[in-house]
1. Among ALA91, ALA31, ALA113, which one shows the highest mean-square fluctuation when the chain is modelled as a Gaussian network with alpha-carbon springs under 10 Å?
2. Mind scanning LYS4/LYS88; LYS47/LYS87; LYS26/LYS88; LYS20/LYS78; LYS6/LYS26 and naming the pairs with a C-alpha gap bigger than 27 Å?
3. At a Cα cut-off below 27 Å, give the lysines reachable from LYS110, other chains included and same-chain residues fewer than 8 away excluded.
4. Quantify, in whole percent, the carbon and sulfur part of the accessible surface of the chain (1.4 Å probe; protein heavy atoms only).
5. Select one label from (1) 275; (2) 128; (3) 109: the one whose number is volume of the Cα convex hull per residue in Å³ as derived from the coordinates shown.
6. Taking the Cβ of LYS104 as the centre, find all other residues whose Cβ is under 13 Å away and add up their charges (Lys, Arg: +1; Asp, Glu: -1).
7. Averaged per residue, what accessible area in Å² does the chain show with a 1.4 Å probe, protein chains only?
8. Tally Lys and Arg at +1 and Asp and Glu at -1 over the other residues with C-beta under 10 Å from the C-beta of ALA35: what net charge comes out?
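The values are calculated or read from the model by the stated rules, or taken from the named source; none is laboratory data. Everything numeric in this text was worked out from a predicted model, so none of it was measured. Here the Cβ positions follow ideal geometry from the backbone for every residue, glycine too, while neighbour counts run over all protein chains shown. In case anyone asks, the SASA skips ligands and DNA or RNA and just uses the protein heavy atoms, side chains included. Shrake-Rupley method; radii C 1.70, N 1.55, O 1.52, S 1.80 Å.
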Amino acid sequence: MATKIKAHQLRGQGKEDLVKQLDDLKTELQALRVAKVTSGGPNKVSKIQSVRKAIARIKTVISDNQRDNLRKFYRKKKYVPLDLRPKKTRAMRRRLTKFEASRKTLRQRKHDAHYSLRRYAVKE
């Protein structure tokens, strides 16, 4: 790996390409670690960090793609897995929905029907 891999370049690639690239980077990291133990040059030791970051970038893109595909799959379903639901706050998740909050009891509906709001025409 001579250049740093950019995440936006990785997003356009397919999963097979990403997995292949990941395997290559892992073997390169293994070789760098062996070189470190066998007193390799300082440039090899400093390259370990960039390879590790590249591996992390590829894994992040793979998991992002998986999550996007799962979101598409569960879009119209009744139940969505917990990790795909919006996080928000605990209080917001437990709050009544707009539909539940707007519902009225039978007694309230009867009261509203029989005692509607009075309107007055006041002269000034």
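1. Most flexible of the set in this elastic network: ALA113.
2. On the way: LYS4/LYS88 35 Å; LYS47/LYS87 37 Å; LYS26/LYS88 36 Å; LYS20/LYS78 36 Å; LYS6/LYS26 17 Å.
Over 27 Å apart, Cα to Cα: LYS4/LYS88; LYS47/LYS87; LYS26/LYS88; LYS20/LYS78.
3. Partners within reach: LYS98.
4. Numbers: 6100 of 11330 Å².
Here it works out to 54 percent.
5. (1)
6. Values: positive: ARG103, ARG107, ARG109, LYS110; negative: GLU100, ASP112.
Net local charge, LYS104 excluded: +2.
7. Working: 11330 Å² over 124 residues.
Solvent-accessible surface per residue comes out at 91 Å².
8. My count for the surroundings of ALA35 gives +4.
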